[in-house]
Amino acid sequence: PDIHPLFGGCGGVYFLAEPGELVVEVVKRDRNRRATTAELRAILVGPDRQVLQEASIPDDGQPVGKELGPVGRATLSTTVPRKGVYALNITVSRDRYGQNMVWGFRSNCPRYLIETARGHKDARHQEPIFLADTGQPHNVCFLPRRGAFKMDLSGLSKQEPKPQVFDGAGALVAALDVGKDGKASHEFPADATRSALPWRLHLPAQWATINIDGVTRWEKSDAYQNLCYWSPDAASWFPLLENRWLLTPYRRTIHASRGHEEETLYRVHNNGSREREVQLALEFPGERWPVQLPQDRVTLAPGKAVMVPVRFTMPAEGEARSCHIRATPMDEPGFSTYSTLTIKTGRPRAKRPLDMPIMLRAYEHENEQFGYLPDYPLESQMYFGANNLPYVRTGNGFSTLRDDAWARTELEAATTSRPDSLRGGTVSMRHTKIAFDRDGDVYVMASCAGKGTYLHSTDGGKTFTAYEVPGANGTMDIEQFSGHNTPDGPPPFVRFRRTKRDPKLRWRSLNDLELFVPRKVDGRIEVGQPILISRVCIGLSAHSGIPSSVVSRGSKVHVAWGEATDPAEKVPGVPTYVVTYDRETGTLGEPALIGYGPPANDVHNSPSITMDSDGRLHVLVGTHGRPFQYASSLEPNDAQSGWTEPVPAGKKLNQTYIGFVCGKDNTLHVVFRLWRSGEPFPASTHATLAYQRKRPGQPWEPPKVLVTAAFSEYSVFYHRLTIDRMGRLFLSYDYWSTHWFYRNDHFGKRRAVLMSPDGGDTWKLADATDLK
């Protein structure tokens, strides 16, 4: 092909484009190492991440073989109205690591940087640069760290000339000897005076896999972690690394009332290693309208950010207005980019019931599509106290509504009493669950001085008393409200303590599972001693779904868990058990085997337990890509008197990550990740966030998709389903694509909250009126 180099991996390119025409030609050659469909998707977006053009290059249709397939091409172009950072996003179907094809590009834009950014792996993040042999020599220009670093090359042929490394001034630093195994390595000493100019690795025409410390693999001390930037031409380099996320959000849509001055905030960030000043300015694509920028310059310390206001008034005429906020670092006047603010009249679609599912599109999520811009905390899911006020974890604490305004509590400052064993440490929140008892007291699991800590508040969370949890630290899970289980006293909790890892099976480990049943004594809490439940618990998977391990009523406490089994033993999945502890008698019953969650020895298969208004227990057995298994207790508030035979929640459902609650009418509600094939990604699979319910005495209804991923391949939604005291469903989710390029480009999270006021019949994006 006439485009060099060709390289593997997904990712994309950033262009510092000047006004005029921007043209990008993309080529792909399939390696055909696997019999899968390798369709390349290319998306060109502007500085405000408006999608400008999208194209695809289909699979070459060749059989599995050793030769590169024919060249496929696609051209994307746009007119650049004003200077800014444009982006080209590259993904490939059924190939999130970019191993089954190589691609390249050329552009009329002289300033660009490539970001190699594959899909997620459950391992240390590395982004090796893979170059294909196209008969031409290769250059890889990169910004070296000032500290010592190592370069490792592999897949080379034993031939001359040797790979060479040149510094930013063009001087030869090292020539690398290639061994018989096709590998070459070199260690470069630290140099505090090393300039911020790219170095150049020069390679003869050959295949090569390149790893460079600080560029393709990182330590915590690296200035630009997880950012693999390079270029085949040193002249194309521009200062993107120190200006990443300079101004965000890139694009924001606000629905405003005519004639009223309003305000929104933008984040200005210094990603560099020195103090910097950033100049801000307003630009208008058409006629000017009332927008003010109170601060036109901000000074930022290294790695710090500041929120700056933009004030505006929607004019009396017109349905929509836009303006651009430009950011230019004063020490790099050649670099400049902008964000876009769009103001619309009328009621946003976010305030009305939605036609489900929400079809997320690349760079177009809830705000861009529906005008969703809530004024409540989005950091985590909501839990509702006895008075039905919402509580949300924020930072090292939580926020709640007090006097119709959100008030934030920092745990360390709010902890006004603690034992001597916890003095000298900082109280930090352990997870996102917030629990309550029938008196309206608030409970949080925390850590302090390296010890498990149980926090108790009698004033709605304004102040807390800390109590040490005896024994070694571990993962905690406290009983939270799931529909019909408000404890009379302090909520019980369980602790998972890993005792053994399995080096051969990633998702198998052995854990001691212990139950704690605290009680109130003379206004204080006695945490009590741990009650051993199991020594072969497989653990808890809680980043998505956040399953409930514990429910209680009266004196009975019920615990659900999965167990690891001997890998040599043939079992249909992770065995799931429930056991009942009686507070009054202090006795632990016999565990009841509920069912098996396939596959075996997989911690993803954490079960979840809830109870209905009659006290009957309901359990979903967790699975990893299989139908959930469901069973209920034969007797209320009792795990020992038998269970129904487990039944699947549906046929051929690829389900994972249980979020499970019970409604006021005893309808069971579950939200989970569900894999789908076909549209909108006919060449691959994609993830959806789906919902099911089971009305009393009825079978499980078919799944209803609530959210569809913006990209194919692996995704997760970090979803958490909760229910308020009125029986309304609240679903907090944060779409997370496997593709690093897409995730790296967005600063912060994308969390949103859906709510259903009618037991799952209709859904809308929650607004402030839904929380009062």
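The values are calculated or read from the model by the stated rules, or taken from the named source; none is laboratory data. Keep in mind that what you see is a predicted model, and the values were worked out from it rather than measured. So basically every Cβ, Gly included, is an ideal-geometry build from the backbone, and we count neighbours across all protein chains shown. The area values use the complete protein model at the heavy-atom level, side chains included, leaving out ligands, DNA and RNA. Shrake-Rupley method; radii C 1.70, N 1.55, O 1.52, S 1.80 Å.
General observations
- If you go through the range 569-610 and keep only what is surrounded by fewer than 22 Cβ atoms within 10 Å (Cβ to Cβ), in contact with a Pro (Cβ under 9 Å, 6 or more places away or on another chain), in a strand (DSSP E or B) and without any contact (Cβ under 8 Å) to a residue 60 or more places away in the chain, you end up with L593, Y596.
- If the condition is being open to solvent by 20 Å² or more (accessible area, probe 1.4 Å) and hydroxyl-bearing (S, T, Y), then the range 204-250 contributes T209, S221, Y224, Y250.
- Hey, T432 closer than 17 Å to A768 by Cα and touching a residue at least 60 places away in the same chain (Cβ under 8 Å) or not: no
- Residues that are surrounded by fewer than 20 Cβ atoms within 10 Å (Cβ to Cβ), out of contact with any Lys or Arg (no Cβ under 6 Å at 6 or more places or on another chain), farther than 22 Å from K433 by Cα and touching a residue at least 24 places away in the same chain (Cβ under 8 Å) within the range 531-568 comprise R535, V536, T565, P567, listed in sequence order.
- Selection count where residues are crowded, with 19+ Cβ neighbours inside 10 Å, of a type in the set (G, A, S) and in a loop (DSSP other than H, G, I, E, B), scope the range 611-634: 1
- Residue pairs whose Cβ atoms lie under 6 Å apart, separated by 6 or more positions or on different chains, with the first residue in the range 226-251 and closer than 23 Å to V268 by Cβ and at pLDDT 95 or above and the second outside any loop (DSSP other than H, G, I, E, B) and of a type in the set (S, T, N, Q), are L247/S339; Y250/S339; R251/T340.
- Within the range 187-221, the set of residues being closer than 13 Å to R145 by Cα, in contact (Cβ under 8 Å) with a residue 24 or more places away in the chain and in contact with a strand residue (DSSP E or B) (Cβ under 8 Å, 6 or more places away or on another chain) comprises E187, F188, P198, W199, I212, D213, G214, V215, T216, R217.
- Looking at N666, N637, just one residue is surrounded by 19 or more Cβ atoms within 10 Å (Cβ to Cβ), part of a loop (DSSP other than H, G, I, E, B), at positive phi and at pLDDT 95 or above, and that residue is N637.
- Filter result (hydroxyl-bearing (S, T, Y) and out of contact with any strand residue (DSSP E or B) (no Cβ under 6 Å at 6 or more places or on another chain)) within the range 1-60: T36
- The strands (runs of 3 or more DSSP E) found entirely in the range 81-175 that carry 2 or more residues being in contact with a Gly (Cβ under 9 Å, 6 or more places away or on another chain), closer than 30 Å to A38 by Cβ and among the hydrophobic types (A, V, I, L, M, F, W, C) are 84-92, 101-107, 129-131.
- Within the range 422-447, the set of residues being exposed (fewer than 15 other Cβ atoms within 10 Å of the Cβ) and under 30 Å from V557 (Cα atoms) comprises S428, R438, D439.
- Matching residues, the range 1-33, being closer than 22 Å to S231 by Cβ, part of a loop (DSSP other than H, G, I, E, B) and of a type outside the set (D, E): P1, I3, H4, P5, L6, G8, G9, C10
- If you filter the range 34-70 down to residues that are part of a loop (DSSP other than H, G, I, E, B) and aliphatic (A, V, I, L, M), you find that the one that is nearest to P81 (Cα to Cα) is A38.
- Any hit, the range 492-513, residues being open to solvent by 30 Å² or more (accessible area, probe 1.4 Å), over 28 Å from A123 (Cβ atoms) and either out of contact with any helix residue (DSSP H, G or I) (no Cβ under 7 Å at 6 or more places or on another chain) or of a type outside the set (A, V, I, L, M) (or both): no
- Positions within the range 448-464 being over 30 Å from the mean Cα position of the chain (by Cα), open to solvent by 30 Å² or more (accessible area, probe 1.4 Å) and not charged (D, E, K, R), in sequence order: T458, T463
- Residues in the range 180-203 that are in contact with a helix residue (DSSP H, G or I) (Cβ under 9 Å, 6 or more places away or on another chain) and either loosely packed, with under 14 Cβ neighbours inside 10 Å or in a loop (DSSP other than H, G, I, E, B) (or both): A196, L197, P198.
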